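> Structure incoming, see below.
Computed from the coordinates by the stated procedures, all read-outs in this text should not be read as laboratory data. Since the structure is predicted, the reported quantities are computational estimates derived from the model, not experimental observations. Glycine gets a Cβ as well: all are built from the backbone with ideal geometry, and neighbour counts include every protein chain shown.
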Amino acid sequence: MIDNQFLVNMVGMAAIGTGGWFARVIWDAVNNLREDLHELEVDLPKTYVNKFDMDKRMDHIEHMFQRIYDKLEGKADK
């Protein structure tokens, strides 16, 4: 017959083992996320346009459209 202390020890050992495995899986996932975030930080400036540069380009395009609109208005008045 299994005594109660042995049963408690086995259940405790299983719980601690499961908790340790789960903690290890979470730890590995966090480390992988850190590596992915670092790669993203390195590649981000190469892949995407800076907001300041995009605003500058959009201002230039808006200025060109305004010139076209002004020319069209000048033609329509004649």
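> Find how much the distance from Q66 to I2 grows on full extension, using 0.36 nm per residue of separation minus their present alpha carbon separation; answer in nm with one decimal.
Stretched fully, the Q66-I2 segment lengthens by 14.1 nm.
> Mind sorting out which of (1) 62, 27, 21; (2) 109, 25, 12; (3) 49, 23, 19 is the real Cα extents along the principal axes in Å computed from the coordinates?
Only one option fits the structure, namely (2).
> Treating only the Cβ of Lys, Arg, Asp and Glu as charged (+1, +1, -1, -1), what charge dipole size does the chain show about its Cα centre? Round to the nearest 20 debye.
Its charge dipole is roughly 340 debye.
> Using +1 at the Cβ of each Lys and Arg and -1 at the Cβ of each Asp and Glu in the chain, identify which of I2, N50, H60 lies farthest towards the dipole's positive end.
H60
> I would also like to ask the following. For the chain, take the longest principal axis of its alpha carbons; what is the angle in degrees between that and the long axis of helix 51-77, to the nearest 10 within 0 to 90?
The two axes meet at around 30 degrees.
> How charged is the neighbourhood of D28? Take every other residue with its Cβ under 12 Å from the Cβ of D28, and add Lys/Arg as +1 and Asp/Glu as -1.
+1
> If the chain between H38 and V11 were fully stretched, how many nm would it gain, using 0.36 nm times the residue separation less the Cα-Cα distance?
Difference between extended and current length: 5.7 nm.
> Based on DSSP H runs of at least 4 residues, each adding -39500 (n - 2.57), what is the mean residue ellipticity at 222 nm of the chain after dividing by all its residues, to the nearest 500 deg cm²/dmol?
-33500 deg cm²/dmol
> To test your reading of the geometry: what angle, between 0 and 90 degrees and rounded to tens, separates the Cα axis of helix 4-47 from the longest principal axis of the chain?
20 degrees
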